[in-house]
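To keep things clear, I will list the structure first and then write my remarks on it.
The values are calculated or read from the model by the stated rules, or taken from the named source; none is laboratory data. Note that the structure is predicted; figures quoted are calculated from it, not measured. In this analysis, Cβ positions are derived from the backbone assuming ideal geometry, glycine residues included, and neighbour counts consider all displayed protein chains. Heavy atoms of the whole protein, side chains included, go into the accessibility calculation; ligands, DNA and RNA do not. Shrake-Rupley method; radii C 1.70, N 1.55, O 1.52, S 1.80 Å.
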Amino acid sequence: MMRRLRTAVALAGIATGLLMGLGIPAQAAAPADRSAVTKVAAAGWWRFGVYYTLDACQYFGNSLTQGPQFSSYYCSQTVWDTVDQKYYWGLWVYQVA
């Protein structure tokens with residue numbers, strides 16, 4: 001008896017999963033055409049991330065400035081964490097226009 005009940009519940013679950021997987025979203029929309037518009041963030045200094053050590057901050061700063069998007073960076077120990085009660089290194093990058 002218990003075996004039949006488990007089998008029936010398993011089959012009902014499988015059937016429900018198949019039916020839900022075949023459904024089409026009600027609010028489906030056509031994908032937007034993004035080929036004509038390219039959005040570029042404004043030039044200037046941006047905080048890219050926060051790191052535990054100066055070495056890690058400099059590593060990511062050096063790797064980011066190898067590409068064309070960022071021209072320079074600096075690391076500053078000004079990010080205060082209220083939980084750890086200590087400062088972390090903030091990586092600031094200059095984005096080229």
>> Explain nothing, just compute: Karplus ³J(HN,Hα) = 6.51 cos²θ - 1.76 cosθ + 1.60, θ = phi - 60°, for every residue of segment 58-66 in order, whole Hz, x for Gly and Pro.
In response: 5, 4, 5, x, 5, 5, 5, 7, 6
> Counting only the heavy atoms of the protein chains, how much of Thr82 is accessible to a 1.4 Å probe, in Å² to the nearest 10?
Replying inline: 100 Å²
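To the nearest 0.05, what FRET efficiency results for Ser76 and Thr7 with a Förster distance of 41 Å applied to their C-beta separation? Display every interim value, and only then the final one.
Working: r = 64 Å, r/R0 = 1.57.
Efficiency, from the Cβ-Cβ distance: 0.05.
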> Using a 1.4 Å probe, how large is the accessible area of Trp45, given in Å² and rounded to the nearest 10?
Replying inline: 120 Å²
